[in-house]
1. Quick one: which residues, 5 or more positions from S117 or on another chain, have an amide H under 5 Å from its amide H? H modelled 1.01 Å from N in the peptide plane, none for Pro or chain starts.
2. State the answer as a single residue: which of I93, V64, I109 lies farthest towards the positive end of the charge dipole of the stretch 52-125, with beta carbon charges of +1 for Lys and Arg and -1 for Asp and Glu, about the Cα centre.
3. Calculate the FRET efficiency for Y103 and V163 from the Cβ-Cβ distance with a Förster distance of 45 Å, rounded to the nearest 0.05.
4. Can you tell me how much longer the chain between R137 and K75 gets when fully stretched, taken as 0.36 nm per residue apart minus their C-alpha distance, in nm with one decimal?
5. Using 0.36 nm times the number of residues separating T170 and A57, minus their current alpha carbon distance, what extension gain do you get?
6. What part of the accessible area of the stretch 46-133, given as a whole %, is carbon or sulfur when the probe is 1.4 angstrom?
7. When the expected Rg is taken as 2.2 N^0.38 Å, what fraction or multiple of it is the alpha-carbon Rg of the stretch 82-181?
8. When ligands, DNA and RNA are left out and all protein chains stay put, how many square angstrom of accessible area per residue does the stretch 44-145 have with a 1.4 Å probe?
Amino acid sequence: MTTPSVRDGELLAIYSYSPRLTIIDRTVPKCDGCLQGDEMPETIDHSTLSHLADAGAIQSTHVVGEGNGWSLFVKYSTKQCYLAAQRSRKVRIFRKLETLVAYLGDLGITRFEVDTSLFDQHAVKTERPDRSEALKRAHEAAAFDSWFRSQVQASLDDPSADVANEAVETRFATKREAVRALLEPTRTSD
């Protein structure tokens with residue numbers, strides 16, 4: 001259900017996803033240095049955000065449209081921080097608003113503001129590399145590693161006697177001479 005209205009020249013729409021969840025769409029203030037230039041905005045990780053949410057220390061939560069995705073920042077105490085991606089520590093971008101809503105619901109955050117001023121639904125979507133191909137390579141590598149380790153272990157566990165290097169060198173020198181002798185008549189006839 002959507003009920004649009006205009007207030008002071010900006011569009012205000014209220015989206016209701018559930019009786020407990022209401023999203024208000026309007027322009028919200030940005031953190032200092034947020035996604036502009038080369039500056040990295042201050043970020044917060046999932047664990048810290050979860051602890052703040054459990055303690056009820058979050059003053060406000062904002063969902064901001066960034067290109068074709070959505071970022072999340074929260075205000076607590078005197079700080080404003082974006083949610084960081086787990087590995088890169090850069091601002092996490094959710095590709096779907098529904099995923100972000102579910103994430104916030106899991107944290108127990110049911111009220112937040114949505115800023116769509118920078119959202120572009122027609123922006124080029126970045127696709128993830130083919131995960132099935134990457135997983136196939138990972139499984140092949142794991143299978144080879146397992147096979148190789150079993151071959152090494154079988155060799156180490158082999159009860160047969162060790163052969164001295166000198167004996168092996170003598171044996172293969174004899175074999176090389178025999179092969180050369182066989183090849184020698186064909187070379188002289190050419």
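1. It is G65, by chain and number.
2. I93
3. Using R0 = 45 Å, I get an efficiency of 0.10.
4. Between R137 and K75, full extension yields an extra 18.0 nm.
5. That works out to 32.7 nm of additional length.
6. Carbon with sulfur: 48 percent of the solvent-accessible area.
7. My calculation over the Cα atoms of the stretch 82-181 gives 2.37.
8. Accessible surface, normalised per residue, equals 62 Å².
The values are calculated or read from the model by the stated rules, or taken from the named source; none is laboratory data. This is a predicted model, so every value here is computed, not measured. Heads up, the Cβs are rebuilt from the backbone with ideal geometry, glycines too, and the neighbour counts pull from every protein chain shown. These area figures cover heavy atoms from the full protein model, side chains too; ligands, DNA and RNA do not enter into them. Shrake-Rupley method; radii C 1.70, N 1.55, O 1.52, S 1.80 Å.
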